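Please read the structure below before turning to the comments.
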Amino acid sequence: MPFEVGELNEWYVNIDRVGPGSRLDLYEFSHPGEGSFNIGVQPLQAPVSVELLDNFGNVLSAVNASELDGGELFFEHLNQGDYRLKISSIGDETPYRVSISPDGEGDPITNWGITEGFFVADATGEVGVDYLLDGGSYQGELAIFSLKGMEDLSLGSSEFITEAASRALSNS
């Protein structure tokens with residue numbers, strides 16, 4: 001069953017998986033007008049194949065994406081019309097993250113024009129974290145905490161850092 005994205009007027013993000021049990025995912029969407037268009041796919045464990053198809057099934061662009069370098073399809077002028085994005089397993093099962101951005105739309109949380117380096121939660125509440133750099137240590141810790149109630153603290157201030165550390169250590 002394909003993912004029915006509908007008319008793509010803003011940035012779309014999804015986390016799913018492909019593998020031996022389900023070798024391919026298909027995303028169907030409409031591009032409402034001619035303009036730039038970006039698709040990013042980041043598999044988390046094994047490579048995947050990414051293809052953008054027009055409404056006749058013709059492959060407009062294709063790339064293999066790995067967990068190390070991801071895959072990106074960019075078009076400066078994509079015509080108005082209906083399209084399908086096909087993400088296929090190349091081997092082992094892998095979760096992946098897909099982001100589709102029409103006309104330079106930014107991240108729905110920050111509105112920045114970035115496609116990597118933050119986390120997203122899918123419809124089930126599962127959180128996917130996108131590591132950009134580990135600095136060569138190949139170890140570390142990550143904490144996720146709520147910013148609720150921290151609005152009056154200056155980002156980077158000792159008060160902000162103390163409160164962030166306290167929340168991270170509370171396991172709540």
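The values are calculated or read from the model by the stated rules, or taken from the named source; none is laboratory data. Only a predicted model underlies this, so the values are computations on that prediction, with no experimental measurement involved. Note that we place each Cβ from the backbone using ideal geometry, even for glycine, and neighbour counts take in every protein chain shown. All accessible areas refer to the heavy atoms of the entire protein, side chains included, with ligands and DNA or RNA removed. Shrake-Rupley method; radii C 1.70, N 1.55, O 1.52, S 1.80 Å.
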Notebook entry, point to check: Would you pick out the residues in the range 1-35 that are under 20 Å from Phe56 (Cα atoms) and not in a strand (DSSP E or B)?
Noted result: Met1, Pro2, Leu8, Pro32, Gly33, Glu34
Margin query: Looking for something of a type in the set (A, V, I, L, M), over 13 Å from Tyr96 (Cα atoms) and open to solvent by 50 Å² or more (accessible area, probe 1.4 Å) - is there at least one such residue anywhere in the range 53-60?
Written below: yes
Check: Counting only residues that are assigned to a strand (DSSP E or B) and within 14 Å of the chain's Cα centre (by Cα), which one in the range 36-47 is farthest from Val98 (Cα to Cα)?
Finding: Asn38
Notebook entry, point to check: Just to be sure, is Arg17 within 19 Å of Ile90 (Cβ to Cβ) and surrounded by fewer than 16 Cβ atoms within 10 Å (Cβ to Cβ)?
Noted result: no
Checklist line | Residue, nearest to Val127 (Cα to Cα), within the range 146-168, restricted to residues that are open to solvent by 50 Å² or more (accessible area, probe 1.4 Å) and outside any loop (DSSP other than H, G, I, E, B) | finding: Arg167
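If only one of Gly81, Gly21, Gly91, Gly33 is more than 19 Å from the chain's Cα centre (by Cα), in contact (Cβ under 8 Å) with a residue 24 or more places away in the chain and under 22 Å from Thr124 (Cα atoms), which one is it? Break it down stepwise before answering.
On the way: Gly81 fails: under 22 Å from Thr124 (Cα atoms); Gly91 fails: under 22 Å from Thr124 (Cα atoms); Gly33 fails: under 22 Å from Thr124 (Cα atoms).
Exactly one of Gly81, Gly21, Gly91, Gly33 is more than 19 Å from the chain's Cα centre (by Cα), in contact (Cβ under 8 Å) with a residue 24 or more places away in the chain and under 22 Å from Thr124 (Cα atoms), namely Gly21.
Going by the structure shown, is Val63 closer than 27 Å to Gly125 by Cα and hydrophobic (A, V, I, L, M, F, W, C)? Break it down into steps so the answer makes sense when it comes.
Working: closer than 27 Å to Gly125 by Cα: no; hydrophobic (A, V, I, L, M, F, W, C): yes.
Criteria not met by Val63.
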Note to self: I'd like to check something: does the range 103-114 contain any residue that is open to solvent by less than 70 Å² (accessible area, probe 1.4 Å), at pLDDT below 80 and more than 30 Å from Leu53 (Cβ to Cβ)?
What the structure shows: yes
